[in-house]
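K.L.:
One structure, as structure tokens, below. Some questions next.
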Amino acid sequence: MEELMRNQAFQTYAVCSAILAVKMLLTGNYTSLQRMRTKGFVNEEDAKSFGGKADPTEHPAVAHALRIQRNDLENIPLFFAIGLIYVLNGASASAAWWYCWTFTIARLAHWVAYMNHLQPWRAICYFIGYLSILGMAVHIVF
Amino acid sequence: MEELMRNQAFQTYAVCSAILAVKMLLTGNYTSLQRMRTKGFVNEEDAKSFGGKADPTEHPAVAHALRIQRNDLENIPLFFAIGLIYVLNGASASAAWWYCWTFTIARLAHWVAYMNHLQPWRAICYFIGYLSILGMAVHIVF
Amino acid sequence: MEELMRNQAFQTYAVCSAILAVKMLLTGNYTSLQRMRTKGFVNEEDAKSFGGKADPTEHPAVAHALRIQRNDLENIPLFFAIGLIYVLNGASASAAWWYCWTFTIARLAHWVAYMNHLQPWRAICYFIGYLSILGMAVHIVF
């Protein structure tokens, strides 16, 4: 563990993962915010607690926010797993730096693009993140 | 690896992760149970196999169960990643013990609260889990 | 880290995780493909960029593809976490080999079965993956 704490590649992975985790928590808060703003409650108990009427159909703004979260769920846990295996398998500090920061910045930009309905920027950011994971996965297998 | 097997912080993380993983499997079973009970099938092939008629709209009880799972998906994989990095970065046994058990018990209580439609308990449990992840993420970055 | 790079159990876990990560990326592509094929856009900005009209209700083929992804999200991140802890806790090379490949092949077969609407094969594949995770989680706790 002393070795990991001095390992540059692992430390880059660690900081990027922490940033991405906080980003995911905030993305969840963004959904809650949309729900509160539109009083778009689907659970009866929430409507009762926070005021408003429960509606089984998600409000469009909430559904949009949930899609941002779903896209995160489909991509960021892959980074957590594949990034870790990649650095534990002895990735160089510079290669890890490029992969981790490229992925992290692409996902932050994806969030901004998605919240602001910006295409094709959202698709481009998604694709950059996709390639980062694919690149590391290919390194692991070969 | 010998070192990890003797490391108290890692072992706490390991046991809590195993409990949370089993909890997620059981939360999935709870959804299946609701689906079977209400015959709420959305896939044609499931309706054919298990009896009943497929309906593209989820039954309210199934939709509620799926929201429990979604909330887990948004939080527990963050613990898997951030908790691991936190203990690999040399967290003390006692700090790891508090963070890991607080998170684990909060998520188990969240499940109970969500299944029983209990607000604001569900929101409080969610928030305690949220703070546990945030706390570890902040430790990692600084 | 030298030790991990020579550890057979960890290397099996690493290769299986990489395969599963690529599988999840491709499962995402399958959803995009269904969306493009059916012009089933839910975001206004996507309909504008790719042609077609946005509809807040997912097209049945897209909803089906999203359910494949959701099932992955409920299972594969559990493998990433529990499989790693299991091998870091000193699993034997042969036990790790059986657990990891059983899970990986079950999830690949689950994907094929789900895409082709094959029951009860899909349920059987799901259950084999479920037991693999449960088995490793039980090993970790005891």
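K.L.:
Tell me, yes or no, whether the stretch B:125-142 has at least one residue that is modelled with pLDDT under 95, out of contact with any Cys (no Cβ under 9 Å at 6 or more places or on another chain) and not in a helix (DSSP H, G or I).
P.N.:
yes
K.L.:
Okay, next question. Looking at this structure, is A:Gly90 part of a helix (DSSP H, G or I) and small (Gly, Ala, Ser)?
P.N.:
Numbers: part of a helix (DSSP H, G or I): no; small (Gly, Ala, Ser): yes.
Considered against the rule, which asks whether it is part of a helix (DSSP H, G or I) and small (Gly, Ala, Ser), A:Gly90 comes out as no.
K.L.:
Now a separate question. Quick one: in the stretch B:43-75, of everything that is of a type in the set (S, T, N, Q) and at the interface with chain C (Cβ under 10 Å from one of its Cβ atoms), which residue is farthest from A:Asp55 (Cα to Cα)?
P.N.:
B:Ser49
K.L.:
Now a separate question. Filter the stretch C:80-131 down to the residues that are more than 30 Å from B:Met5 (Cβ to Cβ) and aromatic (Phe, Trp, Tyr) and list them by number.
P.N.:
Pass one, the stretch C:80-131, residues more than 30 Å from B:Met5 (Cβ to Cβ): C:108-127.
Those that are more than 30 Å from B:Met5 (Cβ to Cβ) and aromatic (Phe, Trp, Tyr): C:Trp111, C:Tyr114, C:Trp121, C:Tyr126, C:Phe127.
K.L.:
Every residue in the stretch C:45-63 that is over 29 Å from the mean Cα position of the chain (by Cα) and either in contact (Cβ under 8 Å) with a residue 24 or more places away in the chain or open to solvent by 80 Å² or more (accessible area, probe 1.4 Å) (or both), please.
P.N.:
Keep residues of the stretch C:45-63 that are over 29 Å from the mean Cα position of the chain (by Cα), which gives C:48-49, C:51-53.
Residues satisfying the conditions are C:Lys48, C:Lys53.
K.L.:
For the stretch A:27-37, how many residues meet the condition of being more than 10 Å from chain B (Cβ to nearest Cβ), without any contact (Cβ under 8 Å) to a residue 60 or more places away in the chain and not charged (D, E, K, R)?
P.N.:
Within the stretch A:27-37, the subset more than 10 Å from chain B (Cβ to nearest Cβ) is A:30, A:33-37.
Still in the running and without any contact (Cβ under 8 Å) to a residue 60 or more places away in the chain: A:33-37.
Restricting the remaining residues to those that are not charged (D, E, K, R) gives A:33-34, A:36.
Total satisfying the criteria: 3.
K.L.:
B:Gly40 is checked against (1) within 27 Å of A:Glu44 (Cα to Cα); (2) crowded, with 19+ Cβ neighbours inside 10 Å; (3) within 12 Å of chain C (Cβ to nearest Cβ); (4) modelled with pLDDT under 95 and fails just one. What number does that condition carry?
P.N.:
(3)
K.L.:
Any residue in the stretch C:88-97 that is in contact with a Ser or Thr (Cβ under 6 Å, 6 or more places away or on another chain) and either open to solvent by less than 10 Å² (accessible area, probe 1.4 Å) or more than 8 Å from every other protein chain (Cβ to nearest Cβ) (or both)? Steps first, please.
P.N.:
First, pick out the residues of the stretch C:88-97 that are in contact with a Ser or Thr (Cβ under 6 Å, 6 or more places away or on another chain): C:96-97.
This time we only want the ones that are either open to solvent by less than 10 Å² (accessible area, probe 1.4 Å) or more than 8 Å from every other protein chain (Cβ to nearest Cβ) (or both), so: C:96-97.
Among the residues of the stretch C:88-97, at least one is in contact with a Ser or Thr (Cβ under 6 Å, 6 or more places away or on another chain) and either open to solvent by less than 10 Å² (accessible area, probe 1.4 Å) or more than 8 Å from every other protein chain (Cβ to nearest Cβ) (or both), which makes the answer yes.
K.L.:
Taking the condition open to solvent by 20 Å² or more (accessible area, probe 1.4 Å) and within 14 Å of chain A (Cβ to nearest Cβ), does C:Met24 pass? Write out each step before concluding.
P.N.:
Details: open to solvent by 20 Å² or more (accessible area, probe 1.4 Å): no; within 14 Å of chain A (Cβ to nearest Cβ): yes.
No.
K.L.:
Continuing with the same structure: Out of all the residues in the stretch A:84-123, which are of a type in the set (Ser, Thr, Tyr) and touching a residue at least 12 places away in the same chain (Cβ under 8 Å)? It would help to see each step written out before you state the result.
P.N.:
Filtering the stretch A:84-123 down to residues of a type in the set (Ser, Thr, Tyr) leaves A:86, A:92, A:94, A:99, A:102, A:104, A:114.
Answer for the stretch A:84-123, where residues must be of a type in the set (Ser, Thr, Tyr) and touching a residue at least 12 places away in the same chain (Cβ under 8 Å): A:Tyr86, A:Ser92, A:Tyr99, A:Thr102, A:Thr104, A:Tyr114.
A quick yes/no check of all residues on (1) at pLDDT 90 or above; (2) hydroxyl-bearing (Ser, Thr, Tyr):
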site: A:Thr12; (1), (2): yes, yes
site: A:Ile19; (1), (2): yes, no
site: A:Lys23; (1), (2): yes, no
site: A:Gln34; (1), (2): yes, no
site: A:Lys48; (1), (2): no, no
site: A:Leu73; (1), (2): yes, no
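K.L.:
Still on this structure, please answer the following. When the residues of the stretch A:66-83 are narrowed to those that are more than 10 Å from the chain's Cα centre (by Cα) and free of Cβ contacts under 8 Å to residues at least 40 places away in the same chain, which ends up nearest to A:Trp97 (Cα to Cα)?
P.N.:
Among residues in the stretch A:66-83 that are more than 10 Å from the chain's Cα centre (by Cα) and free of Cβ contacts under 8 Å to residues at least 40 places away in the same chain, the one nearest to A:Trp97 (Cα to Cα) is A:Ala81.
K.L.:
Something else: Filter the stretch C:66-79 down to the residues that are under 26 Å from B:Leu4 (Cα atoms) and open to solvent by less than 10 Å² (accessible area, probe 1.4 Å) and list them by number.
P.N.:
Quick first cut of the stretch C:66-79, residues under 26 Å from B:Leu4 (Cα atoms) only: C:75-79.
C:Asn75, C:Ile76, C:Leu78, C:Phe79 - these are the residues of the stretch C:66-79 that are under 26 Å from B:Leu4 (Cα atoms) and open to solvent by less than 10 Å² (accessible area, probe 1.4 Å).
K.L.:
Just name the residue that is least open to solvent (accessible area, probe 1.4 Å) out of those in the stretch B:98-131 that are more than 11 Å from chain A (Cβ to nearest Cβ) and polar (S, T, N, Q).
P.N.:
Restricting to residues being more than 11 Å from chain A (Cβ to nearest Cβ) and polar (S, T, N, Q), the top hit is B:Thr104.
The values are calculated or read from the model by the stated rules, or taken from the named source; none is laboratory data. In this text the structure is predicted, and so the values were computed from the model without any measurement. Note that we place each Cβ from the backbone using ideal geometry, even for glycine, and neighbour counts take in every protein chain shown. Heavy atoms of the whole protein, side chains included, go into the accessibility calculation; ligands, DNA and RNA do not. Shrake-Rupley method; radii C 1.70, N 1.55, O 1.52, S 1.80 Å.
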